[in-house]
1. Starting at the first residue of the stretch 463-476, write each ³J(HN,Hα) from the Karplus equation 6.51 cos²θ - 1.76 cosθ + 1.60 with θ = phi - 60°, in whole Hz, x for Gly and Pro.
2. Listed highest first by mean packing, meaning other Cβ atoms within 10 Å per residue, what order do 51-58, 245-252 come in?
3. Once the Cβ-Cβ distance between D494 and R148 is put in as r, and R0 is 56 Å, what FRET efficiency do you end up with, to the nearest 0.05?
4. Take the residue pairs K259/K280; K368/K466; K280/K727; K334/K466; K369/K443; K216/K678 and return only those whose Cα atoms are more than 31 Å apart.
5. Compute the distance in nm between two label points, each set 7 Å from the Cα along the Cα-to-Cβ direction, one at M123 and one at Q512.
6. List T502, T209, T695 from most exposed to least, where exposure is judged by having the fewest other Cβ atoms within 10 Å.
7. Place the peptides 60-69, 665-674, 753-762, 369-378 in order of packing, highest mean first, counting for every residue the other Cβ atoms within 10 Å and averaging per peptide.
8. How do V698, V490 rank when sorted from fewest to most other Cβ atoms within 10 Å of their own Cβ?
Amino acid sequence: MTNSHASFDKHKNSGIAGPVCFGMITDLVVQVYHDQIPGNESGAFAASLRDNKVFRINASDPFGILDSIAAKILEPLLKHQEIDLQILCSVRSPESAVSGRQKSHRSTSAMDTRVSAIVYGSMDIFDDVGKYLQACDVYLQDPLGCNRNVEYRNPHRLSGMDDAVPMTMQYNTEPSSSFEDYQTPADLLTDLELDDVLLEADEPAALATRLFSHQKQALTFMLRREQGWAVHGLHSDIWREIQPSVGSRIYVNTITEEKQIECPVQFRGGILADQMGLGKTLSIIALVASDREQIPRPELPKQCMKSTLIVVRSSVLQTWEDQLERHLVPGRLKWQKYYGGSRARIGPHLGEWDIILTTYHTLVAESKKNVASPQPVFDMHWRRVVLDEAHDIRDRNSMTAKAVFALNAESRWAVTGTPIQNRLSDLATLYEFLRAYPYDNHKTFNNHIARLWNQRSEGDVVERLKRLVRCITLRRAISTVELPDRTDRVCRLDFSEDERSTYEAARHETLQRLDDAVAGRNNELPLNVLQYINRLRMICNLGSSARTNLSSRSPPVVVDVGTAWDGTSAQDSFNTLVAIGATQCAACSTEIEALAAEAADVMHARPQLSSCLCLLCGSCHKERSSGTSPLDCACGHVPKHPFASITTMSSSTPTLEPLTKGYAERPTKIVALMEDLKTHSHAEKSVVFSFWISTLDVIEAALKETSIDFIRFDGSVPSKQRSAALKSFHNNPSIRVALLTISSGAVGLDLTPASRAYLMEPHWNPSVEEQALARIYRMGQLRPVITIRYIMRDSFEDHVIKVQNRKQELANLLLSPRRSSSANDQSNRLLQLRSLIA
């Protein structure tokens, strides 16, 4: 802490307002003077600091003093001449106080009083502020209640250095009295939901499933969008035609009000962005089925075929086939997979089917071949192209995005519940795929939208973005349909004495390795430490039974050039990357962990991981090895780092031996789960999610002992077997439990027979949890749903929850850029890791 404070020893000039807001420090404790105890009403108000004392604005006497932790954090910032702090004080009832490491410092007054500090400064100290606060175990939050409108650049977020960043007035203008409110940034998409009234389209005759009202409205929207620009103002659109005089036409861009004489380039399609659980897949199937209806349509080019190409993740390819079989009248529409070994046979005849299913990975492989000789999938002019989970192309420079950009089609549809995941450039990439002129040009998008996000008032730029999105996007909330109630519970459990001993021993060993690494006594890397952290996570799940399996096996080391690197080391390191969501191919951005086991057949090669953590899909590594691609090792290291083959079949550390001991000796979490399942297993169906295959192994053994019938699948189960297992879960009343890895259960499944969901451990990325739960709480659910999250009290899992509350993915926090050679960068990331377990 001394070294961190040393860089903030200058004297601050009063009144300097920094040109940039770095974010907000929250939840600092104030010890209130006895005669200044706040009243009974909770609230928030502006305050100031002098000599660590807290004053109400314009008050001469302090009402409290910062506790020792808060004072140490803020004092160097207050003294720095390039930093300005805006102080906000919040008061609330003590029963709602936040728990955590400062619990012991809580004021004994009748009300709980906390201070937040919004930090302003120049970009010259951007990195220094970030590093200093990280060393203090403080991570900047979104700034609520700013008294000035400046750029918001958070050094603890990857978007902090983006060209396009928000202004502080985008956030709430009034400070909140709830500390939890500071944790959650505004969801821009909430304000982008369509408010137009849509008529309900007729159901296509080829459809075997009845559509809900909102799906009929979606069909109306999509059929309308496939007519092209609505330039005559019948519906909201990007372009409007006006006739200033007889025989003349001018086209007005409704986003900017700019005018042009040329007719805008035609565009058909859009974005179906309904929230998870509203049946977007069925809506798309209904659109394709409507091709057989006698509906007035624009005349299509002669070269345009009747076929619709649907691009999906490999892991849900079988699910899409099942959905087509379920929702279409037999014999009315024909479909075929363009995947794996079938490509050579089907390629010359793609236009003979109404629907062709393929995968992103297949398109990447075909696009590489397309350079030498035209490939059928790119040579054909499709009736329409549909991207499922379209946010997978959000990196416009990835080979996946470039492959879908190259497809020829009359209409294009992007299907995603999260069109904006982190930044506006996510949306810009979708517009580029859609060819929505003029915003298919990312420079135009930046000039008209993203750049103005910084330079204009909130109302102007937000309204402009709303108009642009609403023209071609359909977004409805899950509240659009009536669903039973959902109750979310957190079950905090205490370690047994033996489990606590095991956990503390592992924690101290991990801290020792971290301290040695920070002091330069070893060459520990963040990924290696994460493998030790995974031991802590497994102990949380498996208790002292994990001791013999884990303590005898040191985590593999990420090696440097010249050190042995084999399949075992690579697989263990890949499993750790999976745990933090960092499994994209370095060349084409394909999400390797999401691939089904069969996906390697498409590439005729297994994914490869280098000792410096350069991850390549089988196709990209094959090109690298053959010299046909300019890509060498993505890190650029010389000499080259060795690669080794890995598999996607297991997203966990090596499986532990199933427990064979008696029920009382099972891990605490498993005992709690089994007690709850025994109470409810005969009345309703349940789904148990875990990241760890080894955890599912132990649960499976316990289910067998108690004679509870179940199904199970994970990444190692082929797609057809998954489909059979799901059908059993739907149709067999004796099967009451489904065991799933959270990665395999997060996308493309219908688990509505279940009404109870158990999350055995918190995931680094909270959106993955919500995607998994949306498989249960979705359209078609007829019973109230209860979700239960198991958390071991006073453990590393508590810190995972804190990361979730910040909506911060560990991969972004620690491993970006993963291959940085900076010693300071390495040390800072190790310190961040230490803060999560200390």
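Bear in mind that the values in this text are calculations on the coordinates, not laboratory data. Because the structure is a prediction, the values reported are computed rather than measured. Quick reminder, even Gly has a Cβ in these numbers, built from the backbone with ideal geometry, and neighbours come from all protein chains shown.
1. 5, 4, 5, 4, 4, 5, 5, 5, 4, 10, 10, 10, 10, 10
2. Packing order, densest peptide first, comes out as 51-58, 245-252.
3. Numbers: r = 47 Å, r/R0 = 0.83.
After rounding, the FRET efficiency stands at 0.75.
4. K259/K280; K368/K466; K334/K466; K216/K678
5. 4.6 nm
6. Result, fewest neighbours first: T209, T502, T695.
7. 753-762, 665-674, 60-69, 369-378
8. Details: V698 27, V490 12.
Least crowded to most crowded, the residues run V490, V698.
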